[in-house]
1. Return a yes/no flag: does segment A:121-129 have any residue that is out of contact with any Lys or Arg (no Cβ under 6 Å at 6 or more places or on another chain), of a type in the set (S, T, N, Q) and within 23 Å of residue A:57 (Cα to Cα).
2. Can we say residue C:27 is modelled with pLDDT of 95 or more, within 14 Å of chain D (Cβ to nearest Cβ) and either out of contact with any helix residue (DSSP H, G or I) (no Cβ under 6 Å at 6 or more places or on another chain) or under 26 Å from residue B:18 (Cα atoms) (or both)?
3. When segment A:105-134 is examined, which residues are found to be closer than 14 Å to residue A:16 by Cβ and β-branched (Val, Ile, Thr)?
4. Which one is farthest from the other protein chains (Cβ to nearest Cβ) among residues in segment A:326-361 that are small (Gly, Ala, Ser) and open to solvent by 10 Å² or more (accessible area, probe 1.4 Å)?
5. So if I check each of A:250, A:207, A:239, which one is within 18 Å of residue A:330 (Cβ to Cβ) and either without any contact (Cβ under 8 Å) to a residue 24 or more places away in the chain or open to solvent by less than 10 Å² (accessible area, probe 1.4 Å) (or both)?
6. Out of C:215, C:221, which single residue is part of a loop (DSSP other than H, G, I, E, B), open to solvent by less than 10 Å² (accessible area, probe 1.4 Å) and either at pLDDT below 95 or over 20 Å from residue D:246 (Cα atoms) (or both)?
7. For segment C:290-341, what are the residues that are out of contact with any Asp or Glu (no Cβ under 9 Å at 6 or more places or on another chain), small (Gly, Ala, Ser) and farther than 14 Å from residue C:205 by Cα?
8. Going through segment C:272-291 one residue at a time, which ones are assigned to a strand (DSSP E or B), touching a residue at least 12 places away in the same chain (Cβ under 8 Å) and either of a type in the set (Phe, Trp, Tyr) or open to solvent by 20 Å² or more (accessible area, probe 1.4 Å) (or both)?
4 protein chains.
Amino acid sequence: MSDNSFGHLFRVTTWGESHGPAIGCVVDGTPPGIALGEADIQVWLDRRKPGTSRHTSQRREPDRVEILSGVFEGQTTGTPISLLIHNEEARSGDYTAIADRYRPGHADYTYDAKYGLRDPRGGGRSSARETAMRVAAGAIARKILGDGITVRGALIQIGSHRIGAGIWNWDEVENNPFWCPDAAMVRLWSDHLDALRKAGNSTGAVAEVVASGVPAGLGAPVYGKLDAEIAGALMGINAAKGVEIGDGFAAAGLSGVENADEMRLGQDGRPAFLGNHAGGILGGISSGQEIVARVAFKPTSSIPTPLRTITRDGREVDIATTGRHDPCVGIRGVPVAEAMIACVLADHLLRHRAQCGSVRI
Amino acid sequence: MSDNSFGHLFRVTTWGESHGPAIGCVVDGTPPGIALGEADIQVWLDRRKPGTSRHTSQRREPDRVEILSGVFEGQTTGTPISLLIHNEEARSGDYTAIADRYRPGHADYTYDAKYGLRDPRGGGRSSARETAMRVAAGAIARKILGDGITVRGALIQIGSHRIGAGIWNWDEVENNPFWCPDAAMVRLWSDHLDALRKAGNSTGAVAEVVASGVPAGLGAPVYGKLDAEIAGALMGINAAKGVEIGDGFAAAGLSGVENADEMRLGQDGRPAFLGNHAGGILGGISSGQEIVARVAFKPTSSIPTPLRTITRDGREVDIATTGRHDPCVGIRGVPVAEAMIACVLADHLLRHRAQCGSVRI
Amino acid sequence: MSDNSFGHLFRVTTWGESHGPAIGCVVDGTPPGIALGEADIQVWLDRRKPGTSRHTSQRREPDRVEILSGVFEGQTTGTPISLLIHNEEARSGDYTAIADRYRPGHADYTYDAKYGLRDPRGGGRSSARETAMRVAAGAIARKILGDGITVRGALIQIGSHRIGAGIWNWDEVENNPFWCPDAAMVRLWSDHLDALRKAGNSTGAVAEVVASGVPAGLGAPVYGKLDAEIAGALMGINAAKGVEIGDGFAAAGLSGVENADEMRLGQDGRPAFLGNHAGGILGGISSGQEIVARVAFKPTSSIPTPLRTITRDGREVDIATTGRHDPCVGIRGVPVAEAMIACVLADHLLRHRAQCGSVRI
Amino acid sequence: MSDNSFGHLFRVTTWGESHGPAIGCVVDGTPPGIALGEADIQVWLDRRKPGTSRHTSQRREPDRVEILSGVFEGQTTGTPISLLIHNEEARSGDYTAIADRYRPGHADYTYDAKYGLRDPRGGGRSSARETAMRVAAGAIARKILGDGITVRGALIQIGSHRIGAGIWNWDEVENNPFWCPDAAMVRLWSDHLDALRKAGNSTGAVAEVVASGVPAGLGAPVYGKLDAEIAGALMGINAAKGVEIGDGFAAAGLSGVENADEMRLGQDGRPAFLGNHAGGILGGISSGQEIVARVAFKPTSSIPTPLRTITRDGREVDIATTGRHDPCVGIRGVPVAEAMIACVLADHLLRHRAQCGSVRI
């Protein structure tokens, strides 16, 4: 076991602190013979990087990924792929003032309670900067999934503003700084964030990820359930507080008749479902329908508004975060959530092939 | 790795099908010298068993647990604890009619898609009967946690009927067949379930589990996060579709100022928090506050109302489940959810001692 | 992780003490659709059981294995296979005298040092009785390997009596109580053991296992090496003190020219080797040649000759073991060593299919 | 699971190819608050590096290790420690001639058989260069073990020349280029290696590692046995073909009376043993005695003497290795073997604390 590794056969181990010399990861288990270059990874990192609009942190993180192993002449060799990003703009000076005080909503106190010490520079290991490596690993996972499986995310709620039911345009998602699938909502969210930023405040959000083309049969009963592992993967993203599959909490309010996803024989000769309340997973195993998952992010804890807290030695003090922080971490959480689900699916694709590679139905 | 094992240092491996000769589990990693007898486990199993009111399945499952190893003269020895429950009332005859047809909302089709075959008797491995072993393992986990840590659950919503904010009586939870902490809601839920049962229908529900007395410092950064593992543990329970920690999805609607759990120095000289929006976990590590988690269950998929589905060979047919099924699986999900969280906490207690056993703060 | 589990994708978890009510194991990861019945396992258990000649323990252990899960209508379902053997002849009375004294060469003292207590009945968890479940799991592993791969063992040395080079008759192995491949050695070993038994003494031995038909490509670099895992598997058998692959320790005395296994193109169009000093494994990966491994067993520690030792509270006492023990544990170690290698190979077959299932060469 | 990770709680994941831009590892699970700097690791790497005498490869590998994470202000933080060594002298040109031919004794053919392709530069992932990261990880493991536990190795045999029984001087080990504990043997080995080198040949060797100060109680029954994990750790080192604990294969030739390590009460009030045939491990658990392990290395496969082999497409060709290779890989294997055992012990120290941290005896 390792608390810094994710996945079983497609296994990602990340390392690095926000303001150390670099961050990186080791991706093990990738099948050999897959075309892979740094550009294949960089394109996904660029979607996550800050500073692309006024609504995300104004930090400049070029985040140029380097492949240090596991690729020869443009193909994966089956050995571990080591990825590294140098931390170019590590302004440790920003954080010296908070080294001995516990920022509310942050892991400062809990790290001290666990380890007896911590790296206070930029949150150290607890910084969302670590999620860059999740996105990088997700890029490799997508290569394993192949063109037939797509994993796409969108933001569906900022604060109390949620997009309407039935409105969803994937093309629009790439056209605005929020990954919003509803063009009509963009202006409202933009104004809302501007107001929050001026008020020294922040907001929570909800993201939704949809995986299409996933064949029936991925996942496993009981503790290796696809939905259980997706839930763990999403809840492990910084600031995540809730996870849903399919109808999620709304399913609690339904009756069995309403919730039933009845089956028919599809025109392609394969089973078809009349609904997808289940979000593409039954008994922990994919049904061949779209896999639908949502994750709720809490508001950014680092805000300019002064909050009351204590120091390591128990003195009560004010703290206000003046750094360059995202007012809504959920926005940049979208590519991270996509990446985590891609990793879970790649892992299960290999696990399924291991046990059931000779099943013919 | 194993899809049928849960936990890392406190590791539970379950086995068994609903209508096979027995179900069981192997619990590995339990510290030696802990007093343990079958009665310590049976008491928790009895809370989960069906047939205790008209609102749960009328199956008779005595579910007498046997300890086959790992205990000598009333104490754990540190070797694997094998638990077994014989399946006394396995009416396989009830299920022969559905062996070749896919019950909507069940794992029948997905098991076939994955394995090419399945054990159709009572759902085989996908049956909620497996959760009896989770409760049994949870009983051992509680022994590891000791008296200072309590893990308690309640049902807070059935269908659209949710208990009011601020109403919570732990004593009431044991006084009604729903684990409801709000005495005023019991009659309403009872009537609602009676009506559903008469209509051949079922309903979803939401459970909440609270762990008290958990010291600060349990959990781990990044992929071993306490909340991520709780989310995976709860989402892996049969019929679970959503998981929340602390404010959960409501946190998405809050601002950073509202969501901040400010800190003070408590009267006991330890840090105190003015709120617990975070649900007792910050950066994946426990804060010393109450850990609060919720899980949403979908309605029971097995209902007497006929549903349209297909057979294994593609014929469209009706299916109606006439067996003795819970109209609301969420009710019996409460002890299971408690047990899963107890297991996660016991695992993290051992993991914390391994790495940080010599930390003094 | 679990100290009582073996393998990764073909994963075996054993439980049980020598004189508890039963021993058992859970085998997870078996592909679905494999024909499997209790008789398929029993045949291998019968080869290991004691009392088949005067040279092994005279205990009567019928060791009837029961399959409790994971098999439906004679086929594996892909879910965990639970196996159980009741301990029918548990004469705990034999052991009460030694509950507080440490038998030399046994784990009595080290268990106490680790756990602070132990189950003294028949050695508890440290008893070689646990190896019955390894043989049972090995029977399932053989089913996964299929008919093309055979795993056979023989005893090649008892005490100082080693079979001559170049003498090996697999048919002879089944014809004598020693699994000896050299008919001429049987009488000598028989007399030697008779003499030792009369003298209240015991002896060590060396077993060799050969796996034929293993395709090139199984194993993995660095820490998942096939030879490393075979070494761990064999050294984990009770009483094992040494392990060799191919030439083993003799390779230390060779020169590079002598040790080179030169290559040619075989008549079947595949690479052929002129020697097999490497024992079928290069760089941790199988070469397609026979895999050859040896394991050295120390003499049985339980002997009638009195030995000097101490009690738990430090008094010096004599101890003589009067139970029904094998004078040469290596004999019954042969089927166990075979089983462990079958398990390693089955695990690697699944692991290879997971990562390299689409490799075409 | 991961084929490129070693250990469970003290977990090392290595990456990198011989002639890629760098090699490295991620060490997870290290307790916080341990003083650690690059110099603490470099000192052990320098013992392994080539070119320190004419008897090892004349490659120049400065092997300067960098710590990229997990350490703050000179102390471990409990987060993953990332180590990296740049490959400064990667003369890929040396290897282009052998890209399509299979070197006898090497993993060239088996990598191709497994992955369908390979990185031929310097052996890629199969190069012994990877062992530098084992030594680096071992340096951290030693920090966890503390001053009370020492892990030291020596070479006891080169070719057929083995040091005499009873001759062992630890001080001498650091005084000669062979890690030889017997001063009288140094000249003989030196002449022998000179002759082999002139003849374009190489030789095997045997190393012995002794761990002192290990408390009784480390290890675990059945599959987590300390000796089983040591055996796997040593057999996983490049060129290893045999492993022994304590008397090893010689134990097969002993009688039970000879092999018994009788016990007395020591002057310190703790149990004492009259012998250590067991090599410090009983039932998979340390006894408090010295842990003694040996590993046999085959001769270097890369030799200037031409050998006959085939190309990837089946043509028969000669191959002679003209690079700068060690004539006896066993010499540089000594620090690697030490490091592996230090890693196993550190892992078991944490595992023991997890389960048995509250045991008092």
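1. Among the residues of segment A:121-129, at least one is out of contact with any Lys or Arg (no Cβ under 6 Å at 6 or more places or on another chain), of a type in the set (S, T, N, Q) and within 23 Å of residue A:57 (Cα to Cα), which makes the answer yes.
2. So residue C:27 passes the test.
3. Correct list: A:131 only.
4. A:358
5. Only one candidate passes the filter, namely A:207.
6. C:221
7. Within segment C:290-341, C:314, C:320, C:339 qualify.
8. If the condition is that a residue be assigned to a strand (DSSP E or B), touching a residue at least 12 places away in the same chain (Cβ under 8 Å) and either of a type in the set (Phe, Trp, Tyr) or open to solvent by 20 Å² or more (accessible area, probe 1.4 Å) (or both), then C:273 is the only one that fits.
The values are calculated or read from the model by the stated rules, or taken from the named source; none is laboratory data. Because the structure is predicted, anything quoted here is derived from the model rather than measured. Note that we place each Cβ from the backbone using ideal geometry, even for glycine, and neighbour counts take in every protein chain shown. Ligands, DNA and RNA are excluded from the accessible area calculation, which covers all protein heavy atoms including side chains. Shrake-Rupley method; radii C 1.70, N 1.55, O 1.52, S 1.80 Å.
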